[in-house]
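Data first, discussion second: the structure below is written as structure tokens.
All of the numbers you see were taken from the coordinates with simple rules; none came from a lab. Given the structure is predicted, the values throughout are model-derived calculations rather than measurements. Note that we place each Cβ from the backbone using ideal geometry, even for glycine, and neighbour counts take in every protein chain shown.
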Amino acid sequence: MAFEKENTLFSLTICAKSSKCGIHYILPRLPTVSFGGRSHLNDVIVTRQAAYFTNSFEKVFYRVPLGPKGELPDPAEVLAVPLSGDFVQVPGAFVFNSNGIEASENGERLVIVNSVRGEIYRVDPLSGQADLIDLGGESVSFGDGLLLRGPNLFVVRNQLNQIEVVEMDKEWSTGTVVDTITNPNFRIPTTAATFGNALYLVNARFNVAPTPDTDYEAVRVSLNG
């Protein structure tokens, strides 16, 4: 995938294992939800039905529908879905709102974290209706990458160098922070993947100026307890 800005439009190029490879999409803009004309495509989750992309600077996410065998759609089928309901967009230049995104196994529900407000939302992937998930007063500020593993949602809090483990109820209406994972090797981790009984996180090191000699690493964290 590649992202690029074209005047006031943002484009997305996807290359997949199908007969359609390297399709170039112009992502639709919604003036009613735009904040200062800026966009920042941040995270993606792929389900059997579609690929969903968050936009940190606009109150919207993008839906790229997929065919039965993962075929990519025609450009006209790509949708910008406004976030509604409980979702609150904090205005301002370079304020990160929508960030990490995950989906239920059947693809019927999304969960999106709002980094600046420290909140997570259950989101309808078709309508954009967002319902605040009650964390009992806990915050997930600086929430970045999300990872679902059974009932647990792992929320990577980048600048805090920690991961909150949120146990979700079956309806995703409430969540309880049951653990906080830290590691001395965290250097602003942003996203996580799982393999076996471990998490693997990428250190972004946003606090240093990148040079050809800057080192980045992946950190393995065991989930054995």
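Taking first residues from region 214-225 that are exposed (fewer than 13 other Cβ atoms within 10 Å of the Cβ) and partners that are of a type in the set (Gly, Ala, Ser) and assigned to a loop (DSSP other than H, G, I, E, B), the Cβ contacts under 9 Å between residues at least 6 apart in sequence or on separate chains come to Tyr216/Ala204.
Pairing residues of region 169-188 that are in contact (Cβ under 8 Å) with a residue 60 or more places away in the chain with residues that are assigned to a loop (DSSP other than H, G, I, E, B) and hydrophobic (A, V, I, L, M, F, W, C), at Cβ distances under 8 Å and at least 6 apart in sequence or on separate chains, gives Trp172/Ile133.
Tallying residues that are surrounded by fewer than 20 Cβ atoms within 10 Å (Cβ to Cβ), in contact with a Phe, Trp or Tyr (Cβ under 9 Å, 6 or more places away or on another chain) and closer than 18 Å to Ser222 by Cα within region 148-160 yields 1.
Across region 127-159, what is the number of residues that are outside any strand (DSSP E or B) and among the hydrophobic types (A, V, I, L, M, F, W, C)? Total satisfying the criteria: 4.
Counting only strands (runs of 3 or more DSSP E) that fall entirely inside region 46-126 and contain at least 3 residues that are of a type in the set (S, T, N, Q) and surrounded by fewer than 21 Cβ atoms within 10 Å (Cβ to Cβ), no element qualifies.
The criterion of at least 2 residues that are closer than 19 Å to Glu102 by Cβ and not β-branched (Val, Ile, Thr) is met, among strands (runs of 3 or more DSSP E) falling completely within region 162-225, by 162-168, 175-182, 189-195, 198-203.
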